[in-house]
Amino acid sequence: MRSKHATATLSLVTAAAVVVLAGCGSSAGDTSVAKPPEYHAALAGAPKPLARLYSHGDILITAGTQAFQAQLDGLRGYPVVVNKWASWCEPCRREFPYLQNLSARFGKRVAFIGVDANDSDAAAKTFLGEFPLPYPSFTDPDQDISRLLGATAGFPATAFYDQNGQRVLVKQGQYASQADMAADIKRYALGGQ
């Protein structure tokens, strides 16, 4: 038979768990996650270079810095948003829903690419299973791509390139909100459009 103290403790733990789990749900506004089938609908009709890029969603590309640079060069004519992340990075985990939603929203006009740095491929694949993306990520075990981006100060980092392939901003650290990230995409990738 349980004591009154044990029953009260169990009740408090259960109540706390309910409160914590309720806080983990996604809100309808800022952090709802677009599911992969929605990406296909949202990105249908994207220009061919972007459609080709998005046909490799959730793929880890292990080809290195030269392949990454070739990918950027192949996207000339389109602004590019590059996000550096890692599976072990809690701020990256909090920011990923923004990337999921905004890549679906802006993906017909802006190319998105991920860079998974200082991570294992197995952990990155598990992470992408939790947070699917419509675009590929390049692996960057030694941060060579991160150096090319000018994004070595920490995680996450987001680099913006204009349609001429010029890097115009590197944002170090997590975005406070999806609205802040969207504003930077409009300002730096789309030139204020």
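The values are calculated or read from the model by the stated rules, or taken from the named source; none is laboratory data. Quick caveat: nothing in here was measured; it's all calculated off a predicted structure. Please note: Cβ atoms are built from the backbone with ideal geometry, for glycine as well, and neighbour counts cover all protein chains shown.
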In the set Pro141, Pro97, Pro136, the lone residue that is surrounded by fewer than 16 Cβ atoms within 10 Å (Cβ to Cβ) and of a type outside the set (Phe, Trp, Tyr) is Pro141
Log entry, pairs with first residue in region 38-56 being farther than 14 Å from Val80 by Cα, second being assigned to a helix (DSSP H, G or I), beta carbons closer than 6 Å, six or more apart or on different chains, reads Tyr39/Ala104; Ala42/Ala104; Leu43/Tyr54
Contact list, first residue from region 71-89 and at pLDDT below 95, second anywhere and buried (at least 19 other Cβ atoms within 10 Å of the Cβ) and among the hydroxyl-bearing types (Ser, Thr, Tyr), beta-carbon distance below 6 Å, six or more apart or interchain, is none
If we keep only residues of region 53-66 that are in a helix (DSSP H, G or I) and surrounded by 13 or more Cβ atoms within 10 Å (Cβ to Cβ), then the residue farthest from the chain's Cα centre (by Cα) is Thr65
Looking across region 167-193 at residues that are in contact (Cβ under 8 Å) with a residue 24 or more places away in the chain and among the small types (Gly, Ala, Ser), the single one that is nearest to Ala111 (Cα to Cα) is Ala189
Might you let me know whether region 121-134 holds any residue that is closer than 24 Å to Arg76 by Cα and either of a type in the set (Asp, Glu) or outside any helix (DSSP H, G or I) (or both)?
-> yes
Filtering region 160-184 down to residues that are closer than 17 Å to Leu72 by Cβ and either surrounded by fewer than 21 Cβ atoms within 10 Å (Cβ to Cβ) or out of contact with any Lys or Arg (no Cβ under 6 Å at 6 or more places or on another chain) (or both) yields Phe160, Asp162, Gln163, Asn164, Gly165, Gln166, Arg167, Val168, Leu169, Val170
Considering region 67-92, residues that are polar (S, T, N, Q) and under 15 Å from the mean Cα position of the chain (by Cα), and then whichever is nearest to Phe131 (Cα to Cα), we arrive at Ser87
message = Take the conditions assigned to a helix (DSSP H, G or I), without any contact (Cβ under 8 Å) to a residue 60 or more places away in the chain and of a type outside the set (Val, Ile, Thr) and apply them to Ala104. Does it pass?
response = no
Scanning region 70-87 residue by residue, those assigned to a loop (DSSP other than H, G, I, E, B) and under 21 Å from Gly150 (Cα atoms) turn out to be Leu75, Arg76, Tyr78, Pro79, Ala86, Ser87
